[in-house]
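Single-structure report; data block below.
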Amino acid sequence: MVTFWLERLRAAGKTALVQDGKRKIHYLFEDGKEMAEEYDIKTGQLISRKWREKNTLGGTGKWQVEVGEPTSPLLGALESEHITESSSNPIFMRKDTLSSFQWRIRNLPYPKEVYSVSVEEGQRCCVIRTTNKKSIKAANSGDGDCKTQ
């Protein structure tokens, strides 16, 4: 599996540039999929990774954020005429470092003392609970076993 991924990366068309203290790399794979990564110049840490593939009519689809912060909710609302989720909802993002995988959550409505975090190993989920019994589940490794609720 790792060998296949490395061969796929080597075969992809690559474009790189340095801008705003970030190294930005764009990959175009043979199957038409695209991946864009941003790294911090000083630390070398991955800041974001996004994927995009062609839609059923052959046009370019929307970017799907795998690592890092999603695009601005205001920008998403401008490009969409459909109903969008509230910008005050919690936002989950993954940050990968050399030593760990981290889940980060933005827009939590209560002070941090109200929350407790636990892991449900059977479902491979991180569960964030409040003292008023509300809970939020976040998928662990992108395998789809547990979705945000």
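The values are calculated or read from the model by the stated rules, or taken from the named source; none is laboratory data. Note that this is a predicted model, so its numbers are computed, not measured. Ideal geometry is used to build each Cβ from the backbone, glycine not excepted, and the neighbour counts take in all protein chains shown. Remember, those area values only see protein heavy atoms, side chains included, never the ligands or the DNA or RNA. Shrake-Rupley method; radii C 1.70, N 1.55, O 1.52, S 1.80 Å.
Worth a mention:
- Pair SER86, THR130: separation of 7 Å Cα→Cβ label points (nm): 1.0
- Shown is the FRET efficiency for LYS22 and ILE105, computed with R0 = 25 Å from the Cβ-Cβ distance and rounded to the nearest 0.05: 0.60.
- Karplus-based coupling profile of the stretch 10-23, in residue order and whole Hz: 5, 7, 6, x, 10, 10, 9, 7, 10, 7, 6, x, 10, 9, with θ = phi - 60° in 6.51 cos²θ - 1.76 cosθ + 1.60 and x standing for Gly or Pro.
- Restraint check, LYS24/LYS62; LYS50/LYS112; LYS22/LYS50, Cα-Cα greater than 20 Å: LYS50/LYS112
- Note on exposure: ILE41, ILE105 ranked by accessible area (1.4 Å probe, complete protein assembly) read ILE41, ILE105, with the most exposed listed first.
- A straight chain from LEU98 to TYR115 at 0.36 nm per residue would run longer than the Cα-Cα distance by 3.4 nm.
- Potential lengthening between LEU6 and THR43 on full extension [0.36 nm per residue; Cα-Cα distance subtracted]: 11.0 nm
- Gyration tensor verdict on the stretch 24-63 (Cα atoms; rounded if a/c is under 1.5, prolate if a/b is larger than b/c, oblate otherwise): prolate
- Rounded to the nearest whole Hz, the Karplus-based 3J(HN,Hα) values (6.51 cos²θ - 1.76 cosθ + 1.60, θ = phi - 60°) of the stretch 2-7 follow the sequence 5, 4, 4, 5, 5, 5, with x at glycine and proline.
- Karplus 3J(HN,Hα) series, Hz, for the stretch 33-39 with 6.51 cos²θ - 1.76 cosθ + 1.60 (x for Gly, Pro): 6, 10, 9, 10, 10, 10, 10
- A Förster radius of 22 Å, combined with the Cβ-Cβ distance separating THR15 from THR60, puts the computed FRET efficiency at roughly 0.90.
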